[in-house]
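The values are calculated or read from the model by the stated rules, or taken from the named source; none is laboratory data. Owing to the predicted nature of the structure, the values given are computational and were not obtained by experimental measurement. In this analysis, Cβ positions are derived from the backbone assuming ideal geometry, glycine residues included, and neighbour counts consider all displayed protein chains. What goes into the accessible areas is simple: the full protein's heavy atoms, side chains included, and nothing from ligands, DNA or RNA. Shrake-Rupley method; radii C 1.70, N 1.55, O 1.52, S 1.80 Å.
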Amino acid sequence: MTSNLSNQLSSQQLRSLPKVDLHRHLDCSMRWSTLLEIATALKLDFPQNPQKQQAHFLVTEPMVNLEAVLNKFLIAQKVLASEEILERLAFEACEDAFNDGVRILELRYAPTFISDGHTKLTFEKIHQAFLRGIKRAKIQMPMAVGLICILQRVLTNDRLDAVTKFAIENKSTLLAVDLADNEENAEPKRFAPYFEAARNAGLRVTIHTGEAPNAKAGQWILDAIHILGAERIGHGVQAIHFPEVMKTLIEKNIPLEVCPYSNYLTQAFDNYESHPLKRLIDAGVPVTLNSDDPGMFASTLSDDYLIAHQHQKLSFIDFYKCNETAYKHSFISEAEKSRVWSR
Ligand SMILES: [Zn+2]
């Protein structure tokens, strides 16, 4: 990466910047050394040549599309095999984020993604294991951490119902519900009853939408807001192609959870220069910067900041504003987040 910016920030400066991350998948945040250790202990079948190992488990270069990336996650699903592993994953995900400057962290996971690979792990066991890991991390590190429950678009209605019930039963230890996976052939209306039930129980709503290029992306973003009650949009970067969508985001003050490196790897945009991050900010759309799947991408949130700085010319002031927006729109309580954030 090259740049001729006069006020260039170093990666170390970006790392030490206090940051808020609202969009990070806990089930895709395993530390690389831990992943290898566990894959070995579980006797999983994987290449013994160290150079081929990352290519086997991780996404480290652009894939053909979002679907290809989602398929890759199924390989890493195999290591999420016990409550002990999940507790360790949660602790280390917090520790890695903290060491990268993150002070306010919202972690999301799909209970069905984990339990599908490991039938002994009930939603309840998964959730409690994650809570134990987070609790341990918060004792050792001054950070605010909250959990979001993901409903996968691929689920049948029965399973959507089960996940929604689980989320509502655990609303005291969950911030919000989210909808994720490929949007093609997954009309938002089908999910409306589940999100209505969650909202009525007091859970907040963020929705993955408008991530991959699609003629319907603008409508999907509007549907997420109007039909599902989204207060934040996961990705939503395709809004750049739909002026009326950008207008709605601005008027309703709904921020995008933008993840530049992830968008590059899923080929939502061809390269860092064509990413709409700066254009969205200049248009007045509320924008936050997030990491998405740091484990699967062998990346950190600071890497997203570096891309934004070097290729989109985001300045220190831009980062400050993104973090203020993220702070304001974080679903974590004011009491908890204000304790770890000096304004
Ligand atoms: Zn995501």
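For this structure, a couple of remarks:
- Within this structure, PHE98 fails the test of being open to solvent by 20 Å² or more (accessible area, probe 1.4 Å) and within 16 Å of the ligand (Cβ to nearest atom).
- Restricting TYR264, TYR272 to those that are open to solvent by 10 Å² or more (accessible area, probe 1.4 Å) and either under 21 Å from VAL20 (Cα atoms) or within 16 Å of the ligand (Cβ to nearest atom) (or both) reduces the list to TYR264.
- Annotation: ARG159 fulfils all but one of (1) modelled with pLDDT under 95; (2) surrounded by fewer than 18 Cβ atoms within 10 Å (Cβ to Cβ); (3) not aliphatic (A, V, I, L, M); the unmet one is (1).
- The residues on offer are ALA162, ALA201, and the sole one that is closer than 17 Å to PRO111 by Cα and more than 20 Å from the chain's Cα centre (by Cα) is ALA162.
- Of the numbered criteria (1) closer than 25 Å to SER291 by Cβ; (2) free of Cβ contacts under 8 Å to residues at least 40 places away in the same chain, the one LEU179 fails is (2).
- Any pair with Cβ under 6 angstrom, 6 or more apart, that starts in the range 281-308 at a residue that is away from the ligand (no atom under 13 Å from the Cβ) and open to solvent by 30 Å² or more (accessible area, probe 1.4 Å) and ends at one that is β-branched (Val, Ile, Thr) and in a helix (DSSP H, G or I): GLY284/ILE250
- Scanning the range 104-112 turns up no residue that is open to solvent by 40 Å² or more (accessible area, probe 1.4 Å) and more than 16 Å from the ligand (Cβ to nearest atom).
- Selected residue (only one of ILE134, ILE75 is hydrophobic (A, V, I, L, M, F, W, C), more than 16 Å from the ligand (Cβ to nearest atom) and open to solvent by 40 Å² or more (accessible area, probe 1.4 Å)): ILE75
- Selected residue (criterion: farthest from the ligand (Cβ to nearest atom)) from residues of the range 213-256 that are basic (Lys, Arg) and open to solvent by 80 Å² or more (accessible area, probe 1.4 Å): LYS247
- The selection criterion, being within 18 Å of the chain's Cα centre (by Cα) and either away from the ligand (no atom under 16 Å from the Cβ) or surrounded by 15 or more Cβ atoms within 10 Å (Cβ to Cβ) (or both), holds for ARG24.
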